[in-house]
């Protein structure tokens, strides 16, 4: 049985991708109003148009760079100025990199730290402040990964930074509980695509995975 989310407002970071589209689609179908955030540009603009085709008039797009506290603060302010409240924050923004440890480019590793770790802290801090100020409780969901409890070779940068992201979520659940703010983590395995949106992580590893199994993309999705 679907739970009605009519009247609820959700802000989603890193929305304009496969997982983000799936999240937004389900929320819209259950009556939620969506604030879809991602880096500014045509991708975000197109994404919001696609959401409007699912349920007209219930989505807005707001540029947000999770590595920038000012950008994050302004995005939350825009959502609150438009809708007057926030009920849910879903932190989905993140990036991946595939490399063995002995070949790891330190600058690339640090980029994952900036997005996956710093970005999580920045979003959690802003979400916590806003929801605490609101005084009505709320929900925060962090997109973790199965690579936290079960990492794979070649995923050192992604696994390590997502583990830090996951741990920040656990700390937030303790610190925000007294304000009736629930914090949960979701740990998906491989997500190939949702609608026309493909997974950024799968684009990095998909071709080799399919070759290793002797299948093509059509067979994979089947």
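The values are calculated or read from the model by the stated rules, or taken from the named source; none is laboratory data. Remember, predicted model here, so these are calculated numbers, not experimental data. When we count neighbours, we look across all protein chains shown, and the Cβ atoms used for this are built from the backbone with ideal geometry, even at glycine.
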Residue 201 passes all but one of the listed conditions (1) surrounded by 14 or more Cβ atoms within 10 Å (Cβ to Cβ); (2) more than 18 Å from the chain's Cα centre (by Cα); (3) at pLDDT below 65; the exception is number (2)
Being in a helix (DSSP H, G or I) and touching a residue at least 40 places away in the same chain (Cβ under 8 Å), is that true of even one residue in segment 88-100?
-> no
Only residues that are closer than 22 Å to residue 101 by Cα and either at pLDDT below 95 or surrounded by 19 or more Cβ atoms within 10 Å (Cβ to Cβ) (or both): list them for segment 161-196, please.
-> 161, 162, 165, 166, 189, 190
Scanning segment 113-147 for residues that are more than 16 Å from the chain's Cα centre (by Cα) and not in a helix (DSSP H, G or I), which turns out nearest to residue 99 (Cα to Cα)?
-> 138
Quick one: in segment 9-25, of everything that is in a helix (DSSP H, G or I) and touching a helix residue (DSSP H, G or I) at 6+ places or on another chain (Cβ under 9 Å), which residue is surrounded by the fewest Cβ atoms within 10 Å (Cβ to Cβ)?
-> 25
Among the residues of segment 49-87, write down those that are under 22 Å from residue 4 (Cα atoms), without any contact (Cβ under 8 Å) to a residue 40 or more places away in the chain and in a helix (DSSP H, G or I).
-> 51, 52, 53, 54
With respect to residue 71, is the statement that it is under 25 Å from residue 116 (Cβ atoms) and touching a strand residue (DSSP E or B) at 6+ places or on another chain (Cβ under 8 Å) true?
-> yes
Please indicate, with yes or no, whether at least one residue in segment 153-160 is under 23 Å from residue 115 (Cβ atoms), in contact with a helix residue (DSSP H, G or I) (Cβ under 9 Å, 6 or more places away or on another chain), at pLDDT 95 or above and not in a helix (DSSP H, G or I).
-> no
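Table: residues versus (1) at pLDDT 95 or above; (2) crowded, with 20+ Cβ neighbours inside 10 Å; (3) in contact with a strand residue (DSSP E or B) (Cβ under 8 Å, 6 or more places away or on another chain).
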residue	(1), (2), (3)
27	yes, yes, yes
34	yes, yes, yes
43	no, no, no
49	yes, no, no
56	yes, no, no
60	yes, no, yes
63	yes, no, yes
80	yes, no, no
83	yes, no, yes
